[in-house]
Every structure is written in C-alpha cells, then in structure tokens.
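Here the structure is laid out as structure tokens; the discussion comes afterwards.
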C-alpha cells in the first residue's frame with residue numbers, strides 16, 4: 001500500500017493549454033450537452049434546441065479559434081499540450097477552421113425540414129421504421145429494394161434529432177484526429193469520428209433499406225480498416241518502442257533494427273488512413289455509402305471526413321516517415337495513379353448522380369495525394385487549400401442534389417436531370433458552376449487547388465506524376481460536362497421530377513458553398529497565405 005501511495009504521489013496532472021484547445025473542448029463538451037438535451041427535453045422542443053445548440057457551438061468554437069490566433073501571447077509555431085499528445089500548430093489551426101466552416105455548411109443541410117417534410121432523417125430507429133406503415137412500401141430499383149415513404153406519410157412524423165449529437169461527436173473526433181501527436185490518440189479519434197458516421201448513414205427517411213445497407217457496408221469495411229490501422233500501430237511500436245510520431249521518426253533515421261516491422265507497420269497504417277480518405281483502391285465503400293446515406297450526411301462525410309483523413313495523412317507522413325520517404329514514395333505514386341484513374345474512368349459509367357460524385361471524390365483523393373507526397377512546404381499548404389476548396393464545392397453540390405425530387409424522394413438517376421435548365425434555370429446554372437469547379441476550370445477554386453498541388457509536385461521533382469494527373473483530370477472532366485449537356489440540351493420528360501423550393505437553411509448552405517468556390521477561384525491569396533503560415537510541430 002505504501003508503494004502504491006508513493007507512486008500516486010509522483011503522478012502529475014498533464015499540463016493543458018486551455019486557450020489552444022478551447023475549440024476542441026467546446027465541440028466535445030457541446031456533444032455531451034446535446035446528448036442530455038436529447039434525453040431530457042420533450043420531443044416537441046428537441047429540434048429547435050438542438051439546432052440552436054449546434055449553431056452556437058460552431059460559432060463559439062470558431063470565435064475561440066480566432067481569438068487564439070490573434071492573441072499576443074500565442075506562440076508563433078504552436079504548442080503541444082495534453083502531455084505532448086496533441087499539437088495545436090498553424091496547420092492544425094487551418095484544418096480546425098476548415099472543419100468548423102464545413103461543419104456549419106453541412107449542419108445547415110442536416111437541420112433543414114422544408115425540402116423533405118420533417119427532415120431527411122427517419123423518425124424511428126427500427127429496421128422497418130414507418131416505411132412499413134400505411135402509404136409506405138418497397139420499391140424495387142435496378143440495384144436493390146428500397147423502402148420508401150410517401151410525402152403525406154413523412155409529414156406526420158417528427159425528425160430524429162439524435163443526428164445532432166452524433167454530428168458533434170464526429171466533428172470533435174475529426175478535430176482530435178488532425179491534431180494527434182501519437183498513433184494511439186489518433187486511433188481513438190478515428191473511432192470517435194467513425195462510429196457516429198456509421199449510425200448516421202442508416203438514418204435516411206426515404207429508401208430505408210438502401211440506407212441501412214450503406215450503413216452496414218460502411219461499418220464492416222470501416223472495422224477492417226480500423227483493424228489494419230491498429231495492427232500497423234502495434235508493429236510500429238515494436239519497431240520504435242513508442243507510438244509517438246517524433247519517436248518513430250527518430251527510429252527511422254538512427255537504428256540498426258530490421259526494417260521489416262517498419263515497412264509492414266507503415267503499410268497497414270496507411271491502408272487505414274487511405275480507406276478513410278476514399279483513396280483508390282481502398283474506396284469500395286464510397287459509391288454505395290454516398291448513394292445510400294441521407295444526402296446531408298453524404299455532404300458532411302464527403303467534405304469533413306476528407307479534411308480529417310488527409311489532415312491525418314499529412315501529420316503521419318510529415319511527422320513520422322518524412323525521413324524514410326525514398327522507401328515508400330513509389331508505392332504512394334502507384335496508389336495516387338490508381339485512385340485518379342479509377343475515379344475518372346469508372347465515374348464515366350455511372351448513371352446515378354450521387355455515385356458519380358462519389359467516384360469524383362475518389363479521383364480528387366488521388367489529386368490530393370499528389371500534393372501530400374511532395375513533402376515540401378508548398379505541398380502542405382497546397383493540399384490544405386485543396387481540402388478547403390473541395391469541401392465547400394462538395395457541400396453545395398449535395399445541397400443542389402437534394403432539391404431535385406419526385407414522388408419517391410430525391411431523383412438521382414441521370415435521365416431524370418434531362419432538361420433541368422428549362423425547369424429551373426437558376427439551379428442548373430449553380431450546379432453547372434459547381435461541376436466546372438470539380439473539373440478544375442479557371443475562375444473556380446478547383447482550378448487554383450489543382451494548380452498549387454501540381455506546382456508543389458513539380459517542384460519536388462514529380463513531373464511525370466503531374467502529367468498523369470492532368471490526363472486523369474481531362475478524362476474526369478467528361479462526366480461533369482455530360483451532366484451539363486444533359487441539363488441544357490435535352491428535353492425534360494413530361495413526368496420528370498420537380499425542383500423543390502429550398503428552405504432558408506439549404507439556401508444558406510448552397511449559397512455559402514458556391515460563394516466560397518467563386519471567391520477562392522478569384523481571390524485565393526488570403527487562404528493560400530493562411531495555409532502556408534507554418535509547419536507541423538511534434
């Protein structure tokens with residue numbers, strides 16, 4: 001007992017820089033509060049309370065991040081806190097700001113209840129849900145049987161507000177993930193961000209079976225990816241004797257141990273990270289989950305999860321494996337090429353708009369990887385700018401997709417978008433602009449994002465990879481242009497889908513995404529300077 005007490009006396013509480021981690025604490029604290037709101041408030045009051053709490057949380061976290069950045073006593077290079085397990089440096093500040101802004105744009109879509117009466121989320125969590133009641137049913141499509149609800153039936157049910165605390169927990173996990181200084185903290189953050197997303201994918205009010213199928217696929221494949229990640233952590237611990245990124249980096253440059261554990265651990269670790277970033281060939285979950293999940297959740301995943309995944313990849317490669325880059329660079333070249341061409345070529349064959357955007361995401365993941373493996377300051381800043389630009393464009397794209405509807409819900413088959421410009425010229429013009437941004441045309445954020453990433457790669461001596469990326473980008477541009485031609489030069493079907501009038505939340509989300517896409521294409525300098533303000537610290 002005496003020995004135990006003496007050991008306890010020697011324990012010291014970790015030093016915490018509360019000013020630096022205030023945005024993170026606000027988001028995670030609000031997530032816990034949101035659970036209490038869900039548990040104790042009457043059902044009629046939950047939606048308004050949760051929306052207000054969520055918006056105040058994001059605003060408070062954003063203000064605290066700005067105040068920390070402007071404070072006179074803020075270290076220029078950043079700080080490490082929580083006993084060195086978390087770093088708040090300039091890249092982390094940029095990624096946190098990006099996540100909070102994209103989280104706001106996504107939350108506006110999640111909270112909307114005007115496009116779909118009662119909201120996009122099922123009011124009951126049971127397998128059958130209300131779709132099995134009067135007026136519901138099962139519709140058989142070309143891919144799967146999908147449970148649907150009529151508009152009248154849907155309006156009788158409230159919104160499942162559990163999605164709000166799940167969103168906050170996922171966002172908090174993403175913020176920890178990009179700031180983690182050791183692999184164990186990163187793994188915990190990975191699970192905190194992933195588990196809520198698995199649940200959120202299965203909450204669609206319409207097409208219930210397709211939504212639940214997406215959730216199960218994402219969960220099973222995500223569990224395998226997490227196992228790869230954790231096994232990689234174990235092997236790297238066996239190699240370096242530590243899970244801290246800085247210690248692993250030291251071990252790779254000054255050790256006489258066998259590199260077998262290093263290579264095996266690195267490979268397994270990167271597989272888990274690439275899975276979360278939708279990088280081919282580890283993208284198998286992406287098209288099915290993007291199609292089956294509620295569209296607001298798809299927007300949240302496509303934007304915020306991409307930022308978190310590539311933020312984590314940047315941190316791992318720069319922190320632990322930069323010194324051994326010559327050993328793994330060729331492998332990631334191959335992965336980037338596969339991702340770009342899988343996304344570009346398979347995207348050409350898609351007939352569903354959401355699946356098309358999913359394969360577009362796979363192609364963009366390959367372009368992002370080009371900047372990541374440059375391993376220079378320009379590659380770091382260019383990749384982070386690309387994440388910001390791509391995130392806002394993608395949220396706006398899914399906001400537009402949610403507005404084209406028929407009696408069964410969203411009309412996502414490409415044939416149903418024929419002649420959309422004649423039905424809604426404004427919506428077609430906005431969607432055209434966003435598709436051109438994804439294609440990387442000038443005067444859009446997509447062009448600037450690709451330019452800075454490719455320029456960083458050329459400076460790093462990867463000109464052949466950039467040439468391959470340009471070819472893949474040209475191929476991918478075809479399926480964006482195909483949709484534009486379909487909207488403007490095809491006649492709409494007599495029984496074609498209608499365009500719903502967006503509510504205030506959806507309007508703000510689409511407007512925000514479109515405005516940022518234009519602003520970053522015309523005036524990218526402030527964002528580029530912010531992205532290039534500093535380097536990681538470990």
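Nothing in this text is a laboratory measurement; each read-out follows from the coordinates by a stated rule. Since the model is a prediction, treat every value here as computed from it, not as a measurement. Heads up, the Cβs are rebuilt from the backbone with ideal geometry, glycines too, and the neighbour counts pull from every protein chain shown.
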Tilt, helix 463-489 to longest principal axis of the chain (alpha-carbon atoms), in degrees rounded to tens, equals 20
To the nearest 0.05, what FRET efficiency results for residue 36 and residue 16 with a Förster distance of 25 Å applied to their C-beta separation? 0.60
Whole-angstrom gap from the range 200-275 to the range 487-538, using each part's C-alpha centre: 31
Expressed as an acute angle from 0 to 90° and rounded to the nearest 10, what is the orientation of the C-alpha long axis of helix 306-320 relative to the principal long axis of the chain? 20
What are the radius of gyration and Dmax of the range 67-116, computed over its Cα atoms and given in Å? 15.8, 48
Report, to two decimal places, the Cα Rg of the range 454-501 normalised by 2.2 N^0.38 Å (N = number of residues). 1.94
Taking max minus min of the Cα coordinates of the range 2-531 on each principal axis, largest first, gives extents in Å of 75, 59, 44
Once the Cα atoms of the range 363-455 are picked out, what are the Rg and Dmax in Å? 15.9, 52
Ranked from highest to lowest mean number of other Cβ atoms within 10 Å per residue, what is the order of the peptides 334-340, 233-239, 106-112? 106-112, 334-340, 233-239
Highest mean packing first, using Cβ neighbours within 10 angstrom, the peptides 62-73, 170-181, 196-207, 322-333 sort as 170-181, 196-207, 322-333, 62-73
Order by protection proxy (mean Cβ within 10 Å, highest first), peptides 18-26, 270-278: 270-278, 18-26
For the pair residue 459 and residue 429, what calculated FRET efficiency results from E = 1/(1 + (r/R0)^6), where r is the Cβ-Cβ distance and R0 = 60 Å, to the nearest 0.05? 0.95
With the 8 Å Cα cutoff and a minimum separation of six or more residues, the chain has a relative contact order in percent of 17
If you line up the long axis of helix 504-522 against the longest principal axis of the chain, both from Cα atoms, how many degrees apart are they, to the nearest 10? 60
Points 7 angstrom from Cα along the Cβ direction at residue 407 and residue 234: gap in nanometres? 5.5
Over the chain: helical MRE at 222 nm, DSSP H runs n ≥ 4 each giving -39500 (n - 2.57), nearest 500: -22500 deg cm²/dmol
